Structures are given as structure tokens and as C-alpha cells.
Amino acid sequence: MRGAATMARAAIASGVPHAIVVEGERTMAMARRMVVTAWLAFAAVATTAEAPLPERLVPGLGEIDVPVNRATARMRIDPAAFSIPILTEATAKRARLRAGDVLLQVAVGPELVRGHTAMARFGDTPRRATVAWAPRPYVAGLDGVVGPGGLAEPVVRFVFQKPLPGERTVTLPMMEQDGPMVSWGGLFARIDVGGKPMRVRFDPHHPHTLATANAGRRLAEAYGGGMEDARFTTEIAFGIDRPVRRMRLDQPIAIGPLSIAGLGVRTADIGNAAAIPEADAPSPDPDEIVVVARDKRYDPERDRLSLGADVLRQCSTLVFDKPAHEIRLTCA
């Protein structure tokens, strides 16, 4: 180990917030430098007011060949993925990447996926960017994944299918991941639930619409409803499955033309789902005292709603407009 070197561990949660923990000397200075470096790596290309914004079109599955140094990686542009490109270990070796001092740590429920980061030439521009890699592939069968925040183009348009009859477009505010290393996290839409914001991500490559445990509790409080008997496990990222229980809502969640009357709750991830009532349970007696404990560490910034293919199959396009800080979703 290098005694004077500063070691940093970046913890990015899949579907939950991330935080950068910097240890050792020169901590805050290095943290600021890392933030600036990451911002420069992913900054949108400059445009004039007269010229139309350049746009990246992402059709179908979003799979493309991307230069990484002198190697070529088969990657997916995924609206649910992190802005920092995450490669497989084999791809990092082909690109001759050398691990730097900043380590990547991705939490999927209680499991941690540890990886490395380095600077590399990524994409068709000569600009160097921070990339990461891990022993477990984020996406099976591909060399890596990157979200719209990691692309140089300021506007990224995902085209899922041809326009649908009667479709409408909803414009939602765009939010970044919270924490010091915001440019490593993903891009989210914001909705209001019970008067407080909740981050929404778009995950067309996974079948189910899911909420983290505390997000599910908030949704149940705001829209009514409760847990059903249906339980299953589903893959979140890096091949890691997590337990889910189906929740039915009395009043559907309306996001533009979308109406979501039920979803899965990740009962063991980010909070406690025990406060969500059973769907068929009788209402408590008006004279009964009901006590529900709340985790003192609870932070609503960590709540996530992830729209899966079961909802997004009604949509034709999804646009991330980074200069306008908007996400536009067109659905029937």
C-alpha cells in the first residue's frame, strides 16, 4: 500500500442512492477533484442557440460497438444504467486499463459488487472519461453498459417501437443521483408522492415495475392499497436476484398517460415494508391504537420507483434532454 495515497470507495446502489466515501489525507480536495473530473468526462457537447441540439438515437435493444482505448466493446445504452460506463473484467483487460485509486462498490440489496475505475478513451471523441469494471457482468452476454448521462450528446432518444395510436407525451423534471459523485449515478424523473419528490427510473430491460421498501410504503400511504400473496424473486443487476411481493393500489399512480394499479415491492431492500397493510385485511377499529416503528435512518432521498417492461410496453419513445433537465415519455 502507498502510505500517502488517498483511497476512495464509491458505493453506487442499484436503484438506490450512492455515496462516495473518501478516506485518508487530502480527502476533501481529492473528492472535489474527482467530482470535477467526472463532470468533465460526461459533460454534454457545447452547442449554440441557433444550432439544433445534437441527438443520440437509441433504437431497439440499444446495443452498439463502442471504442474503449484501442479495443471495441459491445455495450448497451440503457436508460436505467449508471452514467459511468461499467465494463466486464475481460473487456478492461482487452482495453489495457490500469486500476486507479478510486474503487467502485455497487450495492444490490445486501450484496456488494466491488470493482475498479480508470481513465480511458471512451466513445468516438478523443476526450478521456472515467470508466469502471467488475468481475461480475452488469449485463449478461455483453461487454458493458452505460446510461444516457454517460453519453456526450445532450439529448438521448430511446425508440422502443413505432408510434402508437392515441399516444401522448408527458414531460417530467430530471433529477440526478444524490451524493458527491452525482455524475457517476443515473438520471431519473421526479414525481411527487405525498408531497415529497420520488425518483423514477426507466428499466425496459427488466420485466417488472418495482419500488424499494420505503418507496412502496409511501405509495401505499398516498394511493391506498396493500400487499397481495404473490411473491417472487427477480434480477436487479449483475445477475443478483432480490425478493419481491406484489402490491395492489386502490388509486392508480398516474404518470402522464400511464396508469399503474399494481407493482412489486422489494420488501428487503432500502427500508421496511412491514408497515404496508395486507390487501384483504380489514380496516383497523377506529378505537384501536396502531403502532408502526420507523427506521430512524430513513432518508426519502433513497426511495426509488423503477418502471419495467410491464408498463413501458405502452410507450414508443423516451427522451433525456439534459440541457433542459427534462425527461419526455410518449405512451398510449
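What number comes out for the charge environment of residue 65, summing +1 per Lys or Arg and -1 per Asp or Glu over other residues with Cβ under 10 Å away?
Summing Lys and Arg as +1 and Asp and Glu as -1 gives -1.
Rolling a 1.4 angstrom probe over the stretch 140-202 with all protein chains present gives an accessible area of which 53% lies on carbon and sulfur atoms.
For residue 193, the amide hydrogen comes within under 5 Å of the amide hydrogens of 198, counting only partners 5 or more places away or on other chains and with H modelled in the peptide plane. Protection proxy ranking of 204-214, 306-316, by the mean of other Cβ atoms within 10 Å over each peptide's residues and highest first, is 204-214, 306-316.
Report, to the nearest whole %, how much of the accessible area of the stretch 224-271 belongs to carbon and sulfur atoms, 1.4 Å probe, protein only. Numbers along the way, then the final one.
Numbers: 810 of 1890 Å².
Solvent-exposed carbon and sulfur of the stretch 224-271 make up 43 percent of the total.
Per-residue accessible area (protein heavy atoms, 1.4 Å probe) orders 270, 84 as 270, 84, starting from the largest.
A protection proxy built from the mean count of other Cβ atoms within 10 Å ranks the segments 165-174, 59-68, most packed first, as 59-68, 165-174.
Computed over every Cα-Cα pair of the stretch 60-185 and binned at 10 Å starting from 0, the pair-distance distribution P(r) comes out as 12, 43, 31, 12, 3, 0 percent. In this structure residue 94 has an accessible area near 120 Å², from a 1.4 Å probe over the protein heavy atoms. Distances between placed amide hydrogens fall under 5 Å for residue 56 paired with 155, 156, 157, all partners being 5 or more residues away or on another chain. In whole angstrom, how far apart do the alpha carbon centroids of the stretch 198-251 and the stretch 103-172 sit? Centre-to-centre distance over Cα atoms comes out at 22 Å. Residue 246 contributes an accessible area of around 80 Å² to the protein surface, as traced by a 1.4 Å probe with all chains present.
The values are calculated or read from the model by the stated rules, or taken from the named source; none is laboratory data. Not measured: the values here are computed from a predicted model. Note that we place each Cβ from the backbone using ideal geometry, even for glycine, and neighbour counts take in every protein chain shown. Please note that ligands, DNA and RNA were not included when accessible areas were found on the heavy atoms of the full protein model with its side chains. Shrake-Rupley method; radii C 1.70, N 1.55, O 1.52, S 1.80 Å.
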